[in-house]
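K.L.:
Structure provided below as structure tokens; questions to follow.
Readers should treat all values here as calculations from the given coordinates under stated rules, not as data from a laboratory. Note that this is a predicted model, so its numbers are computed, not measured. Here Cβ is always computed from backbone atoms with ideal geometry, including for glycine, and neighbour counts include all displayed protein chains.
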Amino acid sequence: MDVGYRIDLFVEREIIVDLKAVEKMIPLYDAQLLSYLKLSGKKIGLLINFNVVLLKDGIKRMANRVAGTWVSGLGLTTETRRDTEIN
């Protein structure tokens with residue numbers, strides 16, 4: 001049965017990457033990546049939109065909270081990270 005869940009990229013069996021090329025990012029894309037993270041049990045996901053002038057502006061990192069500990073990375077501090085927490 002095909003339920004429509006297809007991960008774009010799976011890097012090193014650890015990071016899920018969801019690729020987009022859209023004019024505007026909508027909350028549905030965040031929810032889609034969060035679903036992929038929850039269903040796979042993985043900790044880190046990247047949502048990348050290629051329809052931006054600077055690629056760094058089109059990258060959003062999301063982290064899955066596992067057993068009450070926060071997953072950090074990419075050298076971002078608490079104040080500057082744009083992570084989304086999964087409850």
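K.L.:
Taking H as built 1.01 Å from N, whose amide H comes closer than 5 Å to the amide H of Ile59, not counting residues under 5 places away?
P.N.:
Residues meeting the amide H criterion: Asn49.
K.L.:
Can you pull the one-decimal nm distance between simple spin-label points at Glu23 and Asp57, each 7 Å off the Cα toward Cβ?
P.N.:
Each label point is offset 7 Å from its Cα along the Cβ direction, giving 1.6 nm.
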